[in-house]
Amino acid sequence: MTSPTTLTLTAKVGGMTGTATVLATPPPTCNSLDPSVAPVVQIMNVGAVSPVGTGGVVADGTYYLTALNLYTGVGGRRAQTGQTRQIVVQISGTTVNEALEINGAGSMQLTITETFNANGTALIR
């Protein structure tokens, strides 16, 4: 049995910092995707309530991040955060390959491959 790996992820957006700890068994592996092929996307604060997800089938293919909105509630902050992302995702069956660039120029880059199964509108690792 593979021993679990604990990943602690910390994100800072605007003046807020959030931390998540994830237990990964087995740990995710790297892949050869290049996030620099994805468009550079500005993270935006949007003064509205977050839309409700509708679920549905995600077809196999390659996907690029084209917008990243932080919903701050009705009357909430509306502005760019000063942060950018480049994300490319490849899906094939239950395998998901991801590549992520945070704030450009190689400041933080992550590539992982994981296996997921659908359960309603959630993806379960």
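The values are calculated or read from the model by the stated rules, or taken from the named source; none is laboratory data. Just so we're clear, the structure is a prediction, and the values are computed from it rather than from any experiment. Because the Cβ atoms are built from the backbone with ideal geometry, glycine has one as well, and the counts that use them run over all protein chains shown.
Figures for the structure shown
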{"read-out": "Flag for residue 40 being in contact with an Asp or Glu (Cβ under 9 Å, 6 or more places away or on another chain), of a type in the set (A, V, I, L, M, F, W, C) and farther than 21 Å from residue 117 by Cα", "value": "yes"}
{"read-out": "Some residue of the range 91-100 being in a loop (DSSP other than H, G, I, E, B) and either modelled with pLDDT of 75 or more or within 24 Å of residue 124 (Cα to Cα) (or both)", "value": "yes"}
{"read-out": "Close pairs (8 angstrom Cβ cut-off, 6 or more residues apart or separate chains): small (Gly, Ala, Ser) in the range 102-115, surrounded by fewer than 15 Cβ atoms within 10 Å (Cβ to Cβ) and modelled with pLDDT of 70 or more anywhere", "value": "104/40"}
{"read-out": "Count - residues of the range 16-35 that are modelled with pLDDT of 80 or more and within 29 Å of residue 78 (Cβ to Cβ)", "value": "1"}
{"read-out": "Subset tally (residues that are farther than 21 Å from residue 77 by Cβ and in a loop (DSSP other than H, G, I, E, B)) for the range 36-51", "value": "3"}
{"read-out": "Residues within the range 63-89 that are β-branched (Val, Ile, Thr), within 14 Å of the chain's Cα centre (by Cα) and assigned to a strand (DSSP E or B), tallied", "value": "4"}
{"read-out": "Residue selected from the range 59-68 under the condition more than 16 Å from residue 79 (Cα to Cα) and in contact with a strand residue (DSSP E or B) (Cβ under 6 Å, 6 or more places away or on another chain), by the criterion surrounded by the fewest Cβ atoms within 10 Å (Cβ to Cβ)", "value": "60"}
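Each row is one residue, and each column tells you yes or no for (1) modelled with pLDDT of 85 or more; (2) surrounded by 14 or more Cβ atoms within 10 Å (Cβ to Cβ); (3) of a type outside the set (Lys, Arg).
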| site | (1), (2), (3) |
| --- | --- |
| 46 | yes, yes, yes |
| 55 | no, no, yes |
| 70 | yes, yes, yes |
| 80 | yes, no, yes |
| 105 | no, no, yes |
| 108 | no, no, yes |
| 125 | no, no, no |
